[in-house]
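Inspection log for the structure reproduced underneath, given as structure tokens.
The values are calculated or read from the model by the stated rules, or taken from the named source; none is laboratory data. Keep in mind it's a predicted model, so treat the numbers as computed, not measured. Neighbour counts run over all protein chains shown; Cβ positions are idealised from the backbone, glycine included. To get the accessible areas, we keep the full protein, side chains included, count just its heavy atoms, and leave off ligands, DNA and RNA. Shrake-Rupley method; radii C 1.70, N 1.55, O 1.52, S 1.80 Å.
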Amino acid sequence: MRFLPLYSPEADALGAELAPALVVNRKNLVEGVPSVEEIKELVENSRSRLGVLLMKAPGGEEAENALTLALEALDQGNRADIFCLSDGVWLTKQGPKGPLEKRLPQFMGRGGKVWASGEHLKAAGLTKERLVPQVEVADDALGDLVDMIMDQWDKVVVL
Amino acid sequence: MAKTLTILLNRGPYVSEYADLAARLAIKAKEKGHNVNLYLYVDGVWAPHIKAEKPHANVGQRLREALEKGVNVKICNRCAEARDVVAADVIDGIPLVGLFDFIDWIKESDKVVTFTG
């Protein structure tokens with residue numbers, strides 16, 4: 001985030017007046033002086049959002065990579081989500097999953113969101129009560145996924 | 001607002017759910033009003049080879065539905081040639097084209113999603 005300078009020799013030479021403006025990650029430009037609330041909202045919305053689409057069950061490297069990548073994205077000041085489809089929904093089940101068991105709640109505790117596809121949960125015989133708390137069930141998974149890919153996520157990684 | 005989505009499918013059917021999910025995602029995105037391209041690459045060329053009715057998941061049926069709904073589907077011609085898949089082997093309406101067509105799709109897309117795992 002940076003504030004554009006209110007004085008520039010180039011503008012001065014042209015006789016132009018500069019208006020205050022706020023630039024956040026080159027994404028948002030606000031003319032005039034924004035309020036503190038507006039600045040907070042702009043900064044929040046300007047953070048890049050990573051979508052990780054996971055389709056493999058824990059045990060392989062995909063689920064571990066999904067969490068590592070998503071946590072790293074948060075560490076670097078971005079937003080991150082994990083969307084579980086197909087066998088990926090097993091990641092969201094409560095119970096022993098080795099090192100991933102602690103990292104999933106850790107990821108959500110830090111603001112990461114996790115969705116599990118409703119139809120794949122059903123196919124796996126997993127009910128909401130058996131899932132890690134805070135995991136959201138996407139009843140129209142593919143529809144939600146299209147919206148996330150097209151409108152919400154800046155980048156998508158498929159694992 | 002309508003945007004353009006390009007999906008790359010690198011896997012054949014009946015190995016994983018990737019082929020079905022790629023086709024279903026294409027259909028869903030099209031239904032939501034987006035422009036959708038589906039490029040069948042490497043073993044993805046086997047998906048349009050499924051032409052008969054099946055008593056189980058049928059990615060060929062999904063590809064026909066995608067075509068009917070206006071999804072643009074193309075097959076990598078070199079991947080097809082390597083597998084002895086010729087135009088007559090695949091569902092009508094899906095051209096065998098070079099990789100440059102995929103590059104053009106990437107350039108005009110808002111988002112690209114790859115099903116390659």
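Quick rundown of the values:
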quantity	calculated
Matching entry among B:88, B:80, B:52 (being of a type outside the set (Asp, Glu) and either within 14 Å of chain A (Cβ to nearest Cβ) or touching a Leu at 6+ places or on another chain (Cβ under 6 Å) (or both))	B:80
Of the criteria (1) of a type in the set (A, V, I, L, M); (2) in contact with a strand residue (DSSP E or B) (Cβ under 8 Å, 6 or more places away or on another chain); (3) more than 14 Å from chain A (Cβ to nearest Cβ), which one residue B:103 fails	(2)
Odd one out for residue B:60 among (1) open to solvent by 10 Å² or more (accessible area, probe 1.4 Å); (2) more than 14 Å from residue B:115 (Cβ to Cβ); (3) out of contact with any strand residue (DSSP E or B) (no Cβ under 9 Å at 6 or more places or on another chain)	(1)
Helices (runs of 4 or more DSSP H) wholly inside segment A:58-159 that include at least 2 residues being within 14 Å of another protein chain (Cβ to nearest Cβ), touching a Leu at 6+ places or on another chain (Cβ under 7 Å) and under 27 Å from residue B:111 (Cα atoms)	A:61-75, A:141-147
Residue in segment A:11-21 that is modelled with the highest pLDDT, counting only those that are exposed (fewer than 12 other Cβ atoms within 10 Å of the Cβ) and touching a helix residue (DSSP H, G or I) at 6+ places or on another chain (Cβ under 9 Å)	A:16
Whichever residue in segment A:22-50 is part of a strand (DSSP E or B) and hydrophobic (A, V, I, L, M, F, W, C) and, among such residues, is modelled with the highest pLDDT	A:50
Yes/no for residue B:37 being under 30 Å from residue A:152 (Cβ atoms), surrounded by fewer than 22 Cβ atoms within 10 Å (Cβ to Cβ) and polar (S, T, N, Q)	no
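This table checks each residue for (1) touching an Asp or Glu at 6+ places or on another chain (Cβ under 7 Å); (2) modelled with pLDDT under 95.
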residue: B:14; (1), (2): no, yes
residue: B:47; (1), (2): no, no
residue: B:62; (1), (2): yes, no
residue: B:82; (1), (2): no, no
